[in-house]
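Below is one structure, written out as structure tokens; comments come after it.
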Amino acid sequence: GTQRKNFMCFNVVFSFRIYEERREGIPEHPYLSEIDVEVCLVGGSCKSPIERFWNGSNMIYILQKARHNEESDPVEESKSGDTSYALELLPKESSGPVALSVKRAKQLISLYTVVQNPNMSHLKTGELAVLPPLGIRCDGSDPEHTYWLGAEPLKAGKKITGINLYMITCDGPTADKGCFANLEELITAHKMMHHSSVVMTKGSAQYELLTAPTLGDTIIESKSNIYVDMTWNTVNKILETPPLTSAATLNITLEAGDPGSPVYHLYRELQFLLALAEGLKTGVTQWPEPLESESAVEQVQELLTDLKNKLDRFCVSENENETEKIKCDTAAVDSSIKSVFSERGDLDFAEQLWCKMRSKCVSSYQDLIDCFTLVIKSLEHGEIQPWIHQGSSSLLSKLIQQSYHGKIEVVSLSGVTPIQMLLEIGLDKMKKDYVSFFIVKSGSCLLFQDYFISTSVDLQEQVHRVQKLHHMLEIMVSCTVLLQFKHENLFPLTQICMKYYKENPLNEKHVFQLPIRPAVVKKFCQNDDPEIWKVDISSGHGQKEVRTTWQVSTNPPVEHMTSNNTGLFSDSTVNGSSEERMYYIAMAKCSQVHFT
């Protein structure tokens, strides 16, 4: 009757869908195996929601409570000829995953186990398909506060020999470390459950190195995050500090534009460059408000007058002014921060012109025309013979080179030409700034520098690549300031970033990973509490390996864990203090069922 119907529905959906999806790729939306259950296949680049507790497979089915499209009747849709008993859903983007009751999850685990049992041939389910592992979201309503149930087939060649069953429970948050488990008790419980005499322990911990910036008592929202993952063998006690023999991996996600960054002035310069590029593309330029009473035109005139009086020298006053400004902005910061990025001392005429027009704020299209008119007239009359770097392809550089021979071509300062001229000299200047840093500071040979500074692509693509250079620069500077990175770490990190950005578009959400020596982050591990601390207790080998995991974390380890069911300790404090770090406590256990 009902059990047979449920079984057949489950079997048809799983057996049919697994072959279809392997051929066609992972579906964009979840589908239903039964009216109340939503099924998602997670794999490939998608991150499994339970990978910290269970990461044995590339593909996993996730079952959760169905979220029906309110405008349709799923029962009616299921009658419209869908032979696989599967419905596509369009869940609301704002809604998170919804868990099933623990009782319902156990029913589905039982069905999955029956489907995979080769000894159930009398049910005539057809050719047996080895399904991906199964994870079911639970609502934690049972006494153990179960939030995940899972199952995974055990195989010997192509034959299914049994099932691994998983259970993940969670309580918290709590600041009371008296609620934490004792390592010896965990080991003893594992040995008794699995009849093991020999066990292995493995520890892992995650420390946050870069915290969100604050303004007064307010935490400023930021996507930037730098943390280190540590792993080591043989754990001696709960919450022990990772030993210096650990394997350590730095994880870096950085959002450019932090006002506290030593290179914030360069970020603002980049924003002006981006505004010009957008104006060139759309025909509408967002001009900044003038910051000083002296106009950009007056500043350019002063530069030209100075050059007329010193034909054999170029003025470096702007460079000195910029350096002084940086020193003033960072006066309260450690000296190591101030020395991370310094202005180049070899600015040519075009770069100095860019600095004058940018820092004094060209505030209108007419300002731009007036500035370039002054420069071109001085070149035409031979009043200046400015020095420029070799290799520049900008229109202004070509005019300057032509002026050396006493004649320059006529340029019409109309349309987008003035904007393009300023964009070109800004691009040249900023490329040299970044290259200077990566060569001098990181010691990088710039394996891909031709890609990043190439002039063979259009201006918009050049601007995009300069954005990538800036993002890399902010990553290097942050690591240098935070961790006192030297060449040993800066060089490989530079190469990792360059390799990624040669192959991918700008992505400030990407996590860059760098293996490092634990000594680099020793002070953080010794002085700070971890964000995550975990111990794995395992016994057996290969298909017979079983594992118990105990973990504490500052964030809920389960995304569908809601505030009204976070367990026994949600309101607990120690000695009335709320300043203690609050931890969620999670436990993952597994057991095996053998069919033969």
Between His510 and Asn182, what is the label-point separation in nm under the 7 Å Cα-to-beta-carbon projection? 5.0
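List the trypsin sites (Lys or Arg not before Pro) within the range 448-493 that DSSP assigns to loop and that have no more than 15 neighbouring Cβ atoms inside 10 Å. Don't skip to the end; give the middle numbers.
Working: sites: Arg465, Lys468, Lys486; in loops: Lys486.
Qualifying residues, ordered by number: Lys486.
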What spacing in nm lies between the two simple spin-label points modelled at Val98 and Gln366, each 7 Å away from Cα in the Cβ direction? 6.2
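So how do 372-384, 267-279, 130-142 stack up, highest first, on mean other-Cβ count within 10 Å?
Working: 372-384: 16.4, 267-279: 19.1, 130-142: 21.2.
Answer by packing, highest mean first, reads 130-142, 267-279, 372-384.
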Where does each of 174-180, 409-415, 226-232 land if you order them by average Cβ count within 10 Å, highest first? 226-232, 174-180, 409-415
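Just add up the charged neighbours of Phe524: K/R +1, D/E -1, any other residue whose Cβ is under 14 Å from the Cβ of Phe524. Provide the component values of the computation, followed by the final result.
Values: positive: Arg517, Lys522, Lys523; negative: Glu208, Asp229, Asp528, Asp529, Glu531.
Overall, the nearby charge balance is -2.
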1.4 Å probe accessible area per residue over the range 505-560, in Å²: 49
Give, in nm to one decimal, the length gained when the segment between Glu531 and Ser456 is fully stretched (0.36 nm per residue of separation minus the Cα-Cα distance). 22.3 nm
Of the listed peptides 520-533, 488-501, what is their order by residue-averaged count of other C-beta atoms within 10 Å, with the highest listed first? 488-501, 520-533
In nm, to one decimal, how far is the modelled label at Lys47 from the one at Thr161, with both set 7 Å along Cα→Cβ? 3.5
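The values are calculated or read from the model by the stated rules, or taken from the named source; none is laboratory data. From a predicted model like this one, the values you see are computed outputs, not experimental measurements. Cβ sites come from the backbone with ideal geometry, for glycine too, and all protein chains shown count toward neighbours. The area values use the complete protein model at the heavy-atom level, side chains included, leaving out ligands, DNA and RNA. Shrake-Rupley method; radii C 1.70, N 1.55, O 1.52, S 1.80 Å.
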